[in-house]
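Participant: This is the structure I have questions about; it appears just below.
The values are calculated or read from the model by the stated rules, or taken from the named source; none is laboratory data. Model, not experiment: these values are computed from the prediction. Ideal geometry is used to build each Cβ from the backbone, glycine not excepted, and the neighbour counts take in all protein chains shown. Only protein heavy atoms, including side chains, enter the accessible area calculation; ligands, DNA and RNA are left aside. Shrake-Rupley method; radii C 1.70, N 1.55, O 1.52, S 1.80 Å.
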Amino acid sequence: MSLTFHWFLPTNGDSRHVVGGGHGTPATAFGRNRPPTVAYLSQIARAAEDLGFVGALTPTGAWCEDAWLTTAMVSQHTERLKFLVAFRPGFVSPTLAAQMASTFQRQTGGRLLLNVVTGGESHEQRAYGDFLDKDARYRRTGEFLQIVRDLWEGKTVDLSGEHLQVEDARLARVPDPVPEVYFGGSSPIAGEIAARHVDVYLTWGEPPAQVAEKIAWVRGLAAKEGRTVRFGIRLHVITRDTAEQAWTEAHKLLDGFDPDTVKSVQAGLARSESEGQRRMLALHGGSREDLKIHPNLWAGIGLVRGGAGTALVGSHDEVAERIKEYHALGIDEFVLSGYPHLEEAYWFGEGVLPRLAAQGLWQHPFAPTSAPAAQVPFTS
C-alpha cells in the first residue's frame, strides 16, 4: 500500500517565519508577509498537485479564512488535488452540510475530504453562537455525523437527538464519491466518536510511543463497533540535503520567536480545553530547551502556534526514516506543512518522496502506472 501525503493551505497567511494562530490564539504578524490570497494559495496547491500530494488541509477558526469558500475558489485553479476541508459541526445544519459536500463533489469531480473539528475552545465557540460545553459538543458531533452519513447514503432521515433534530431530511442528489471523514481528538469521548463514524483518525505529531498508544486505543474502540479505521498524522517538516542544513533552518525559526510572543501564546494555550493541545504543550513545557523530543522530532513550532506543534527535522534520508517509523506503527497518511509552504513543499516533494518511492513505499498518485520508478535526486 502506497503511503498518502497531504500538504497544507495556510489560509491564515504564510511567511519565512512561523505563523501562529489556532486554539484561541490569533495569527501572528508574520501572516501578513504573504497574505492568503486565492492566487498565492493556488500556487501552493498546484505545486502540491505536481509533486504528488493527494490533498491539502485547510484549517478552521476565527484566525483564518473560511475553509469552504477558500477551497471552492482554489479548486478552480487545480485539476486533481483534493481538499481536506476543516469544518465545525455546530456552525451549520447537518442537512445543509451534507448538501454542501455533495455540491462540492460534483463541481470539483470528487475532490472533497472532510476534517471534522468539534472545537476545543468554548470562548471561541461562543463567539459563533455555540454555548455547549466540550463533551456536549462531541455528542452533537456524533449526531451530526450520523445524520450526514445517512443522507449521503440516500436515506430519508428523521432524528430527534439530544442536540440535533431533523424531520423528513433528504438529498436530491447524493455525493459520488462519498467524501471520506477525517477526525482528531484525544479525550475519551473523542475516541468514541472516531470509532463509530470516521474513516481516518488524525493525531498530532507526538513521539512514536505516544502515537502507538493512540492507535491501539482507537483501533480497539473501533473493533468494538465492528469497524476499522485508518490512521494519519499531522506534522510540519524541515528537510534539507544535510542534517546540518535542516537544523540551521530550525534554529533560524527559533531565533525569530519573540520572547513576549512566546509568553503570550503559551498563556493562551494553557487555557485550552483541548486534551490534544495539553499533550502538545507537555512536549516542550513552554521552554526553548530540550525541544528535540525524539530523533528528528522537534517541538519548537508549538512555542508560537496552537494545534500541530512538532516538526520532522533532518536530512531527506533521516526524514524518510522517521516516516517509515511512524508507518510501522500503523500511520498511512501524513498531513504535512512547512514555512514557507510553497518552498517547503518542493524541499519535501523533491527530496523525501523520491527516496520513499525508491523503497516501494510511495508512488505518485497522478503519474501513469507505466511511468518508471522515481529516482533519488543527486545532492552535493
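Participant: So which residues in the range 26-69 are open to solvent by 10 Å² or more (accessible area, probe 1.4 Å) and polar (S, T, N, Q), if there are any at all?
Facilitator: Within the range 26-69, THR28, ASN33, THR37, GLN43, THR60 meet the criteria.
Participant: A further question follows. Identify, by number, the condition in (1) touching a Lys or Arg at 6+ places or on another chain (Cβ under 7 Å); (2) among the aromatic types (Phe, Trp, Tyr); (3) farther than 25 Å from TYR346 by Cα that TRP217 doesn't meet.
Facilitator: Evaluating TRP217 over (1) touching a Lys or Arg at 6+ places or on another chain (Cβ under 7 Å); (2) among the aromatic types (Phe, Trp, Tyr); (3) farther than 25 Å from TYR346 by Cα leaves (1) as the failure.
Participant: Restricting to the range 306-325, and then to whatever is open to solvent by less than 10 Å² (accessible area, probe 1.4 Å) and either free of Cβ contacts under 8 Å to residues at least 12 places away in the same chain or in a strand (DSSP E or B) (or both), can you tell me which residue is farthest from LEU336 (Cα to Cα)? Spell out how you get there, then give the answer.
Facilitator: Initial filter on the range 306-325 (open to solvent by less than 10 Å² (accessible area, probe 1.4 Å)): 306-314, 316, 319-320, 323.
Pick out the ones that are also either free of Cβ contacts under 8 Å to residues at least 12 places away in the same chain or in a strand (DSSP E or B) (or both) and you get 311-314.
Details: ALA311: 9, LEU312: 10, VAL313: 12, GLY314: 15 Å.
Filtering first and then ranking leaves GLY314.
Participant: What are the residues in the range 172-189 that are open to solvent by less than 30 Å² (accessible area, probe 1.4 Å), within 27 Å of ARG111 (Cβ to Cβ) and not in a strand (DSSP E or B), if any?
Facilitator: PRO175, PRO179, GLY185
Participant: Do any residues in the range 279-304 that are at positive phi and modelled with pLDDT of 95 or more have Cβ atoms under 7 Å from those of residues that are of a type in the set (A, V, I, L, M) and outside any loop (DSSP other than H, G, I, E, B), where the two are at least six apart or on different chains, and which pairs are they?
Facilitator: That search, which allows pairs on different chains as well, returns ASN296/LEU312; ASN296/VAL313; ASN296/VAL319.
Participant: Go through the range 225-244 and report how many residues are within 25 Å of LEU342 (Cα to Cα) and out of contact with any strand residue (DSSP E or B) (no Cβ under 8 Å at 6 or more places or on another chain). Steps first, answer last, please.
Facilitator: Of the range 225-244, the ones within 25 Å of LEU342 (Cα to Cα) are 232-244.
Narrowing further to those that are out of contact with any strand residue (DSSP E or B) (no Cβ under 8 Å at 6 or more places or on another chain): 244.
Qualifying residue count for the region: 1.
Participant: If you don't mind, there's one more thing I want to ask. Taking the range 131-169, which residues are assigned to a loop (DSSP other than H, G, I, E, B) and in contact with a Gly (Cβ under 8 Å, 6 or more places away or on another chain)? Can you show your working first?
Facilitator: In the first step, residues of the range 131-169 are kept if they are assigned to a loop (DSSP other than H, G, I, E, B); the result is 131-133, 153-156, 161-164.
Scanning the range 131-169 gives a single hit, LEU132.
Participant: When you check THR70 against the structure, is it touching a residue at least 60 places away in the same chain (Cβ under 8 Å), more than 25 Å from GLU333 (Cβ to Cβ) and of a type outside the set (Gly, Ala, Ser), yes or no? It would help to see each step written out before you state the result.
Facilitator: Working: touching a residue at least 60 places away in the same chain (Cβ under 8 Å): yes; more than 25 Å from GLU333 (Cβ to Cβ): no; of a type outside the set (Gly, Ala, Ser): yes.
Spelling it out, it is not the case that THR70 is touching a residue at least 60 places away in the same chain (Cβ under 8 Å), more than 25 Å from GLU333 (Cβ to Cβ) and of a type outside the set (Gly, Ala, Ser).
Participant: Also, I was wondering about something else. Would you check which residues across the range 143-161 are without any contact (Cβ under 8 Å) to a residue 12 or more places away in the chain and crowded, with 21+ Cβ neighbours inside 10 Å and list them?
Facilitator: none
Participant: Using the structure shown, decide if ARG140 is surrounded by 18 or more Cβ atoms within 10 Å (Cβ to Cβ), among the basic types (Lys, Arg), at pLDDT 95 or above and more than 29 Å from ASN296 (Cα to Cα). Show your work before the answer.
Facilitator: Values: surrounded by 18 or more Cβ atoms within 10 Å (Cβ to Cβ): yes; among the basic types (Lys, Arg): yes; at pLDDT 95 or above: yes; more than 29 Å from ASN296 (Cα to Cα): yes.
For ARG140, the condition - surrounded by 18 or more Cβ atoms within 10 Å (Cβ to Cβ), among the basic types (Lys, Arg), at pLDDT 95 or above and more than 29 Å from ASN296 (Cα to Cα) - is met.
Participant: State which residue pairs qualify: first residue within 14 Å of GLU344 (Cα to Cα) and part of a loop (DSSP other than H, G, I, E, B) and inside the range 28-50, second residue of a type in the set (Phe, Trp, Tyr) and open to solvent by less than 30 Å² (accessible area, probe 1.4 Å) in any location, beta carbons under 7 Å apart, and separation of 6 or more residues or different chains.
Facilitator: Filtered contacts from the range 28-50: no entries.
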